[in-house]
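S.K.: The structure under discussion is supplied below as structure tokens; questions concerning it will follow.
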Amino acid sequence: MEDSTVLAIVGPWGSGKSSVINLACDQLKKLDDSWKICPANVWAPPDAPALVSELFAVISDALPKDERGARVARLIGEWAPLVVSGLSLVPGIGSTLGTVGNMAVGAANEAAALRAQRPMQQVFKDLTEKLQDLDTRVLVVLDDVDRSRPDELLTLFKAIRLVASFPGVYYLLSYDEQTVINILADTPIAGNDRGRAVAYL
């Protein structure tokens with residue numbers, strides 16, 4: 001199973017990005033029924049923790065409904081709070097995260113106990129191996145990324161970066177590039193410098 005890939009459909013508002021996504025997903029399902037197409041709502045969640053929860057929930061929901069899938073789901077439940085800890089180090093995000101709560105698969109108590117015993121890299125390694133064993137390809141579709149607030153956009157990009165190397169998990173984003181650059185410029189990372197915003201994107 002190959003590593004993950006992040007792709008983007010870029011264009012101004014009203015240019016038909018959502019229609020292109022729908023056509024691409026329909027063709028993908030016709031060509032290879034092993035793909036699981038998972039739209040994620042990135043702008044409706046009320047805050048950054050809910051946004052991260054949505055991302056992990058759609059991945060968990062795409063897993064096979066058997067014991068192997070359940071094992072991966074439990075590992076995602078363990079990994080998600082670790083990702084949130086990593087996100088809290090990003091300027092402008094840490095103050096918004098708070099407690100994510102019951103992430104992904106309702107395994108918060110078990111995850112907390114395991115987290116106290118296992119380093120982040122070990123959880124990542126176990127989750128990667130279990131995903132490879134599943135031989136399942138998951139396409140997470142993130143439309144209307146440019147509707148996010150600055151803190152949400154940074155949270156989303158960082159969360160994708162932290163999970164993008166999982167085998168078999170792919171991301172398809174759509175956004176208006178100028179709008180996203182404007183949003184990023186209004187974050188502590190860019191500091192109103194559009195050049196830094198473009199570099200970060």
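S.K.: Within the stretch 16-34, take every residue that is without any contact (Cβ under 8 Å) to a residue 40 or more places away in the chain and part of a loop (DSSP other than H, G, I, E, B) and give me the one that is farthest from Y175 (Cα to Cα).
M.R.: D33
S.K.: Could you figure out which of (1) out of contact with any Gly (no Cβ under 7 Å at 6 or more places or on another chain); (2) open to solvent by 20 Å² or more (accessible area, probe 1.4 Å); (3) in contact (Cβ under 8 Å) with a residue 40 or more places away in the chain isn't true of K65?
M.R.: Only one criterion is unmet by K65, namely (3).
S.K.: Taking the stretch 112-135 as the search range and keeping residues that are at pLDDT below 80 and among the aliphatic types (A, V, I, L, M), which one is farthest from R161 (Cα to Cα)?
M.R.: Result: A113.
S.K.: Right, E67: modelled with pLDDT under 85 and acidic (D, E) or not?
M.R.: no
Here is a yes/no grid of residues against (1) in contact (Cβ under 8 Å) with a residue 60 or more places away in the chain; (2) over 30 Å from S34 (Cα atoms):
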site: K130; (1), (2): yes, no
site: L156; (1), (2): yes, no
site: I160; (1), (2): yes, no
site: Y171; (1), (2): yes, no
site: P188; (1), (2): yes, yes
site: N192; (1), (2): no, yes
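S.K.: Of all residues in the stretch 68-79 being among the small types (G, A, S) and crowded, with 20+ Cβ neighbours inside 10 Å, which is nearest to L153 (Cα to Cα)?
M.R.: G77
S.K.: On to the next question. Consider R161 carefully, then state whether it is at pLDDT below 80, open to solvent by 50 Å² or more (accessible area, probe 1.4 Å) and assigned to a helix (DSSP H, G or I).
M.R.: Yes, satisfied.
S.K.: I'm checking my understanding of the structure. Among residues of the stretch 168-188 that are surrounded by 19 or more Cβ atoms within 10 Å (Cβ to Cβ) and in a loop (DSSP other than H, G, I, E, B), which one is modelled with the lowest pLDDT?
M.R.: G168
The values are calculated or read from the model by the stated rules, or taken from the named source; none is laboratory data. Predicted model only: the values in this text are computed from it and were never measured. Don't worry about glycine lacking a Cβ; one is built from the backbone with ideal geometry, like all the others, and counts go over all protein chains shown. Side chains are part of the model used for accessible areas, which takes the heavy atoms of the whole protein and leaves out ligands, DNA and RNA. Shrake-Rupley method; radii C 1.70, N 1.55, O 1.52, S 1.80 Å.
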